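The structure appears right after this line, and notes come after that.
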Amino acid sequence: MRPNLLLALLPILVSMTGCAGLFKPLETRINEASSVKFSPDGTALVSGYFVTVIRENDEGEPDIDTQSMIRVLDAATGQSRQNIRRGDGVWDVDLSPDGNVIVAADEDRKVKLYDRQTGALLRELIGHNAGAFSLAYSPDGGLLASGGWDRRILLWNPHTDALVRTLTGHSDAVYGVEFSPDGRVLASSGGADGSVRFWDALNGNLIRTFDTGKSFVSDIDFSPDGHLLAVGGGRSILIFDLQTGVQINELADHTGQVNAVAFNPDGTRLASGAGEGDWTILLWDVQHSTIVRELNGHRAQVFSLAWSPDGTRLGSGSADGTVRLWNPATGQGIWQFRP
């Protein structure tokens, strides 16, 4: 969600300052925490930020710039341990299975790999024709999938930087990519095309397409046993049985677009986060399809969710600029970070 309200108010704010030459030019920064991911050892929570900078130019008109920011946060304290700034805006982040590499999908069309400890840029993967939007490592780290605004999915060898394969078929931006737990299947969601597609991760063949019947699909997540897929579809969460290929449930208690879904490590709970005025995080009992807890605290739409490897903590990123860590057993916040 872009800052339309701030853009509308900017001329008014400028006029209130009087002569521009007598005052420091106005600058507004909007930090949106677009993605959060836990490190495999659970000691760090990595957050990608899409930063919008609005400045007053010499004519008193707004100039808009976008920037990237990645913060590596101490999972115990919420303190920032790394601040990586490079690019035009981060839409998604992931970590290599060994936890040593942070990968970022950037609005500047590049997929960037960073050293987690030093923050140094290791490599850039160039292939998208528009901004890179979604990311997923295969479980063994041998493949990296990136989905983009260009409606394509690119499969990379992250060790050699080689583009292995290009997958096409979605008619809108690829909002989500996710490997099955065994690494054999790649699932993708196509935004306004309303579909979820399943691809053979080895040869790139299309296995199956689910037409959700929804006007928009966003985030996707496999259950840990690989039997279920959760899909954010409109204001609902759709649950598909991958053994039968049919939708078996629809969880419909959000009042806004569902932006994020995430199974906990043992598959008994599902977290969902929403926007459009519904800024809640709901925790669901998967077996009984009931809400067990509601987490409140964000002041704008929830973009991303991530469980700790042991399932005792839940991280969230929001358009309000904060990253929050929660105790899902009690629903209480542990800490929040704002850059």
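Odds and ends about this structure:
- Those residues of the stretch 56-77 which are of a type in the set (Ser, Thr, Tyr) and either at pLDDT below 95 or at positive phi (or both), in sequence order: THR66, SER68
- Within the stretch 31-69, the set of residues being in contact with an Asp or Glu (Cβ under 9 Å, 6 or more places away or on another chain), outside any strand (DSSP E or B) and farther than 30 Å from PRO309 by Cα comprises ASN57 only.
- Lone unmet requirement of (1) in a strand (DSSP E or B); (2) surrounded by fewer than 20 Cβ atoms within 10 Å (Cβ to Cβ) for ALA104: (2)
- Counted as qualifying within the stretch 160-202 are the strands (runs of 3 or more DSSP E) with 2 or more residues that are in contact with a strand residue (DSSP E or B) (Cβ under 8 Å, 6 or more places away or on another chain) and under 22 Å from THR212 (Cβ atoms), namely 176-179, 185-189, 195-200.
- Neighbours by Cβ (under 7 Å, 6+ apart or cross-chain): first from the stretch 259-279, more than 17 Å from SER180 (Cα to Cα); second surrounded by 17 or more Cβ atoms within 10 Å (Cβ to Cβ) and among the hydroxyl-bearing types (Ser, Thr, Tyr): ASN259/SER218; ALA260/SER272; ALA260/SER304; GLY273/SER316; ALA274/THR280
- Qualifying positions in the stretch 232-245 - touching a Phe, Trp or Tyr at 6+ places or on another chain (Cβ under 7 Å) and either within 16 Å of GLY273 (Cα to Cα) or surrounded by fewer than 16 Cβ atoms within 10 Å (Cβ to Cβ) (or both): GLY234
- Test for GLY147: is it assigned to a loop (DSSP other than H, G, I, E, B), in contact with a strand residue (DSSP E or B) (Cβ under 9 Å, 6 or more places away or on another chain) and surrounded by 15 or more Cβ atoms within 10 Å (Cβ to Cβ): no
- Residues of the stretch 233-256 include none that is of a type in the set (Val, Ile, Thr), within 28 Å of MET69 (Cβ to Cβ) and in a strand (DSSP E or B).
- Within the set ALA162, ALA130, ALA173, the sole residue that is surrounded by fewer than 21 Cβ atoms within 10 Å (Cβ to Cβ), modelled with pLDDT of 95 or more and touching a Lys or Arg at 6+ places or on another chain (Cβ under 7 Å) turns out to be ALA130.
- ALA306 being out of contact with any His (no Cβ under 7 Å at 6 or more places or on another chain), of a type in the set (A, V, I, L, M) and not in a strand (DSSP E or B): no
- Within the stretch 87-99, the residues that satisfy the criterion of being part of a loop (DSSP other than H, G, I, E, B) and either closer than 15 Å to GLY142 by Cβ or among the hydrophobic types (A, V, I, L, M, F, W, C) (or both) are SER96, PRO97, ASP98.
The values are calculated or read from the model by the stated rules, or taken from the named source; none is laboratory data. Note that the structure is a prediction, hence the values are computed from the model and not measured. Cβ sites come from the backbone with ideal geometry, for glycine too, and all protein chains shown count toward neighbours.
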